[in-house]
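Inspection log for the structure reproduced underneath, given as structure tokens.
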């Protein structure tokens, strides 16, 4: 990569993920593409090696595309800057457009120490990184922030002790299989250990009765509604999933557009429905708790799960449109209107959202003028002075906060 390219704006082509839970229209519309009948679950903007964005020449020639992780590797310090390069040694964040038409699995993410130890342990055991039973596909933690672009529903963090007991009491077919719940993290840990240890011949009849009760309640009860939707999302004839217990234990959050949730290590959560922009530390480490046909490692899940944390609160942006969290890998800002010139402190990713066919923003730097339409994104290298003019849409700005 030449010195000139080191200081150029990099136009990014997202990598698309067509998971079964995805919505058929939101992401195609955001990208200005026709829907094709497939679920479009996520569009990834970043350099995660599992699905790095492609860097497109500003001429639009597709033949020159290169993967962003390769481009960064060729000009590491120039693109990232000394602070990000020394702290992370890579692009530390991953930005996604996410569109959920049906519930996702209940999952948690490890902290940095757990991720490193788990990754090293599985590498030493020669478990292939793409194996279905692999828990740690990289050595990084995965704090994440979801900002709603539509009404957004999620399960997120454990309820207060009294609320959990009240929910369990509503469903005796479940509660009679479990030890009593006391207001202590150790009690909740014991309850979950007992639940995952139950043999299938005991748990299946109870879950079938539970689902019958959910069907009777779903029309007027939010917990029953989402629990039933989560089970049905597994497909017709799927066996009852023991992850349904988490629908009773976790807080149900509803976000309006612009509101957010921050999910730190060990916080159980499941996105239920809605579209948003998600930013996270660039990792793919997920421990699943249920509501999925994928691998569930109950022992490792319970080692990572935090039963001592309150449920995350709904977050509002600050006066400048920023969502700042405890994560050093990222902060996210919603940008509207004309902006004063800025100098990128570390690599900055700009993602435009607008009505189909409209230019949401124009980015100018070093004689370059780059219009960004809906769904288009660019990476601003460290140290480049640039200016944004946002019109007819919204620009999302992601950067590290080291």
Residue check, residue 158 touching a strand residue (DSSP E or B) at 6+ places or on another chain (Cβ under 8 Å), touching a residue at least 24 places away in the same chain (Cβ under 8 Å) and within 19 Å of residue 289 (Cα to Cα):
yes
Can you tell me which condition residue 71 does not meet? The list is (1) modelled with pLDDT of 95 or more; (2) touching a strand residue (DSSP E or B) at 6+ places or on another chain (Cβ under 7 Å); (3) within 22 Å of residue 383 (Cβ to Cβ), and all the others hold.
(1)
If you scan region 291-305, which residues turn out to be free of Cβ contacts under 8 Å to residues at least 60 places away in the same chain and crowded, with 16+ Cβ neighbours inside 10 Å?
296
So, in region 220-249, how many residues would count as being touching a helix residue (DSSP H, G or I) at 6+ places or on another chain (Cβ under 8 Å), touching a residue at least 12 places away in the same chain (Cβ under 8 Å) and in a helix (DSSP H, G or I)?
13
Of the conditions (1) under 25 Å from residue 66 (Cβ atoms); (2) touching a residue at least 40 places away in the same chain (Cβ under 8 Å); (3) within 27 Å of the chain's Cα centre (by Cα), residue 386 satisfies every one except a single condition; which number is it?
(3)
Looking for something surrounded by fewer than 17 Cβ atoms within 10 Å (Cβ to Cβ) and either at pLDDT 95 or above or part of a loop (DSSP other than H, G, I, E, B) (or both) - is there at least one such residue anywhere in region 95-109?
no
Condition test on residue 115, is it within 20 Å of the chain's Cα centre (by Cα), assigned to a helix (DSSP H, G or I) and in contact (Cβ under 8 Å) with a residue 60 or more places away in the chain?
yes
Of (1) within 23 Å of the chain's Cα centre (by Cα); (2) farther than 26 Å from residue 370 by Cα; (3) modelled with pLDDT of 95 or more, residue 129 satisfies every one except (3)
Residues that are loosely packed, with under 14 Cβ neighbours inside 10 Å and not in a helix (DSSP H, G or I), drawn from region 159-174:
160
Taking the conditions exactly as written (more than 29 Å from the chain's Cα centre (by Cα) and either under 15 Å from residue 246 (Cβ atoms) or crowded, with 18+ Cβ neighbours inside 10 Å (or both)), does residue 178 satisfy them or not?
yes
Of the residues in region 32-42, how many are surrounded by fewer than 18 Cβ atoms within 10 Å (Cβ to Cβ) and closer than 15 Å to residue 149 by Cα?
0
Tell me, which strands (runs of 3 or more DSSP E) lie completely within region 254-331 with 1 or more residues that are in the same structural domain as residue 141 (by TED's automatic domain parsing) and on the phi > 0 side of the Ramachandran plot?
269-281, 287-290
Evaluate the following for residue 350: is it at negative phi, crowded, with 22+ Cβ neighbours inside 10 Å, assigned to a strand (DSSP E or B) and without any contact (Cβ under 8 Å) to a residue 60 or more places away in the chain?
yes
Matching entry among 356, 317, 347 (being modelled with pLDDT of 95 or more and touching a helix residue (DSSP H, G or I) at 6+ places or on another chain (Cβ under 7 Å))
347
Extreme residue, nearest to residue 83 (Cα to Cα), among residues of region 371-383 that are touching a residue at least 40 places away in the same chain (Cβ under 8 Å) and surrounded by fewer than 21 Cβ atoms within 10 Å (Cβ to Cβ)
383
Does residue 56 satisfy the condition of being closer than 30 Å to residue 232 by Cβ and modelled with pLDDT under 95?
no
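The values are calculated or read from the model by the stated rules, or taken from the named source; none is laboratory data. Keep in mind it's a predicted model, so treat the numbers as computed, not measured. Cβ sites come from the backbone with ideal geometry, for glycine too, and all protein chains shown count toward neighbours.
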